[in-house]
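Q: First, the structure itself, so that you have it in front of you.
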Ligand code: SF4
Ligand SMILES: [Zn+2]
Ligand SMILES: [Zn+2]
């Protein structure tokens, strides 16, 4: 078994095509694929200020690494933004990885915590609300804080390390929960309609699998260990991830097919939801599709 292109020792077999690649051919393949997504979906413009959402994990440090490489060529300004949920033995470790990486690469790192912005850490919220799924609170807070801080930083784009596996999970989750309005906000670049209060989110790794991103991170020595959030086992996404991984093993190409079919219908979905009015939350003033935004609704319920 050898690399398809240069006949040296391979580091990965691509799931969808069964092609073996060595370290340098894989890195070329990976970066070209991300660049193709950036060009095809116009994720970046020359001179953009890109805020990169980093968690200190493999996906976010890989996207930060790639965008940092593109910085000079595209005259980008890069700022890393880390959301500290306050999860003991998980986030505190990955914060150190993010700090180390940003220091090495001389990237400005901003940290925004739940404690400072919402008054409590996620661990405290969970202690007080034992029967509430942590991710249902956490996801709402993180989405909102990322948008708010990126706006304050005057970002043109908010980049995330979402990969093909993440997107396949989101598509399936929304289908099974009959929540296609949420699906209309997916895709390589989000936003059903332009609104200065929402910073467009871009996903350069949209067509790269989790395995490919993990390999890229490993080959660049970006993270020491792949630890998971303490609460991830209670999440619906975790269940969907197992289902999709099982399907992929039995029927290779399942995740690619799911995302490719979704991309074909996405313009129809965006069109269907294009007239949804974006109001301002009566409580906090943040953009919202209802009178009171999701953050204020969750705070009302749990704090
Ligand atoms: S797994 Fe859930 S609780 Fe943990 S960081 Fe992700 S969304 Fe938050
Ligand atoms: Zn090779
Ligand atoms: Zn609000």
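Q: Taking the stated definitions as given, is residue 50 away from ligand 1 (no atom under 16 Å from the Cβ), touching a strand residue (DSSP E or B) at 6+ places or on another chain (Cβ under 9 Å) and closer than 28 Å to residue 135 by Cβ?
A: Working: away from ligand 1 (no atom under 16 Å from the Cβ): yes; touching a strand residue (DSSP E or B) at 6+ places or on another chain (Cβ under 9 Å): yes; closer than 28 Å to residue 135 by Cβ: yes.
So residue 50 fits the description; yes.
Q: Let me ask something additional. Here is a check on your reading of the model: is residue 35 closer than 24 Å to residue 248 by Cβ, modelled with pLDDT of 95 or more and away from ligand 1 (no atom under 16 Å from the Cβ)? Spell out how you get there, then give the answer.
A: Details: closer than 24 Å to residue 248 by Cβ: no; modelled with pLDDT of 95 or more: yes; away from ligand 1 (no atom under 16 Å from the Cβ): yes.
It is false that residue 35 is closer than 24 Å to residue 248 by Cβ, modelled with pLDDT of 95 or more and away from ligand 1 (no atom under 16 Å from the Cβ).
Q: Name the single residue, out of those in the stretch 10-28 being free of Cβ contacts under 8 Å to residues at least 60 places away in the same chain and near ligand 2 (Cβ under 9 Å from one of its atoms), that is nearest to the chain's Cα centre (by Cα).
A: Ranking the candidates gives 28 first.
Q: On to the next question. In the set 174, 147, which member is in contact with a strand residue (DSSP E or B) (Cβ under 8 Å, 6 or more places away or on another chain), more than 13 Å from ligand 1 (Cβ to nearest atom) and within 23 Å of residue 297 (Cβ to Cβ)?
A: On the way: 174 fails: in contact with a strand residue (DSSP E or B) (Cβ under 8 Å, 6 or more places away or on another chain).
So the residue among 174, 147 that is in contact with a strand residue (DSSP E or B) (Cβ under 8 Å, 6 or more places away or on another chain), more than 13 Å from ligand 1 (Cβ to nearest atom) and within 23 Å of residue 297 (Cβ to Cβ) is 147.
Q: Residues in the stretch 275-294: is at least one closer than 20 Å to residue 190 by Cα and within 16 Å of ligand 1 (Cβ to nearest atom)? Please lay out each step first, then the result.
A: Step one: of the stretch 275-294, the residues closer than 20 Å to residue 190 by Cα are 275-280, 286-290, 293-294.
With the extra rule that they be within 16 Å of ligand 1 (Cβ to nearest atom), the set shrinks to 294.
Looking through the stretch 275-294, at least one residue is closer than 20 Å to residue 190 by Cα and within 16 Å of ligand 1 (Cβ to nearest atom).
Q: Go through (1) touching a residue at least 12 places away in the same chain (Cβ under 8 Å); (2) closer than 23 Å to residue 139 by Cα for residue 215 and report which single condition fails.
A: Of everything listed in (1) touching a residue at least 12 places away in the same chain (Cβ under 8 Å); (2) closer than 23 Å to residue 139 by Cα, residue 215 misses just condition (2).
The values are calculated or read from the model by the stated rules, or taken from the named source; none is laboratory data. The shown structure was predicted, so the numbers you read here are calculated from the model rather than taken from an experiment. Don't worry about glycine lacking a Cβ; one is built from the backbone with ideal geometry, like all the others, and counts go over all protein chains shown.
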